[in-house]
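A.B. asks: Pasting a structure here, questions to come.
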Amino acid sequence: MNYLKVLTVATALMALSGCVVAIGDNDDHDGGNNSSWKKAQKLNNQVISQLNLGAELASVRGQLGTPDFSESFRDAGNETVVLFYRTHHEHSDGETSKDECTPLVFKNGVLTGWGDKAYRQL
């Protein structure tokens, strides 16, 4: 009798293993018109479009907040910091990736450029 119960439960679990239950709304994915990532992108684009070369790292971080990604290194006594902020949509996977971000390049605490060209010149 116990064998029959185990077999029944195992069969039911195998049948349900392919099921996915979605709870809540899609605001964090493509479907939501007021999703948080869309708002963040819009704000980041607005702030970045008003930046000036020579802006200080602390000032830019104060305006844009915590970056989605960051990198830093020292070379020949110079410190380089790259902050990545989400500015455009590439993938509908619910995750932010570097290719959906604009890199901001700072050398010794001063903004020297932004965008792919500035990043590739490192």
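A.B. asks: Which one of these is within 13 Å of the chain's Cα centre (by Cα) and not acidic (Asp, Glu): LYS42, LYS38? Outline the logic, then answer.
C.D. replies: On the way: LYS42 fails: within 13 Å of the chain's Cα centre (by Cα).
So the residue among LYS42, LYS38 that is within 13 Å of the chain's Cα centre (by Cα) and not acidic (Asp, Glu) is LYS38.
A.B. asks: Oh, and also: Identify all residues within segment 33-68 that are charged (D, E, K, R) and either open to solvent by less than 90 Å² (accessible area, probe 1.4 Å) or within 15 Å of VAL82 (Cβ to Cβ) (or both); write none if there are none. So that I can check it myself, show each step before the final result.
C.D. replies: Going through segment 33-68, the residues charged (D, E, K, R) turn out to be 38-39, 42, 56, 61, 68.
If the condition is that a residue be charged (D, E, K, R) and either open to solvent by less than 90 Å² (accessible area, probe 1.4 Å) or within 15 Å of VAL82 (Cβ to Cβ) (or both), then LYS38, ARG61, ASP68 are the ones that fit.
A.B. asks: For residues that are among the hydrophobic types (A, V, I, L, M, F, W, C) and over 15 Å from LEU64 (Cβ atoms), scanning just segment 76-122, find the one that is surrounded by the most Cβ atoms within 10 Å (Cβ to Cβ). It would help to see each step written out before you state the result.
C.D. replies: Going through segment 76-122, the residues among the hydrophobic types (A, V, I, L, M, F, W, C) turn out to be 76, 81-84, 101, 104-106, 110-111, 114, 118, 122.
Still in the list and also over 15 Å from LEU64 (Cβ atoms): 76, 110, 118, 122.
Numbers: ALA76: 4, VAL110: 13, ALA118: 17, LEU122: 14.
Going through the qualifying residues, I end up with ALA118.
A.B. asks: I need the full set of residues from segment 58-104 which are within 17 Å of LYS117 (Cα to Cα), modelled with pLDDT of 95 or more and assigned to a loop (DSSP other than H, G, I, E, B), in order please.
C.D. replies: THR87 - this is the single residue of segment 58-104 that is within 17 Å of LYS117 (Cα to Cα), modelled with pLDDT of 95 or more and assigned to a loop (DSSP other than H, G, I, E, B).
A.B. asks: Which residue pairs have Cβ atoms under 6 Å apart, sit 6 or more places apart or on different chains, and have a first residue in segment 106-122 that is within 18 Å of GLY62 (Cβ to Cβ) and at pLDDT 95 or above and a second that is open to solvent by less than 70 Å² (accessible area, probe 1.4 Å) and hydrophobic (A, V, I, L, M, F, W, C)?
C.D. replies: From segment 106-122, the pairs are PHE106/LEU57; PHE106/VAL81; GLY109/LEU57; LEU111/ALA55; TRP114/LEU104.
The values are calculated or read from the model by the stated rules, or taken from the named source; none is laboratory data. Note that the structure is a prediction, hence the values are computed from the model and not measured. Cβ atoms come from the backbone with ideal geometry, glycine included; neighbour counts cover every protein chain shown. Only protein heavy atoms, including side chains, enter the accessible area calculation; ligands, DNA and RNA are left aside. Shrake-Rupley method; radii C 1.70, N 1.55, O 1.52, S 1.80 Å.
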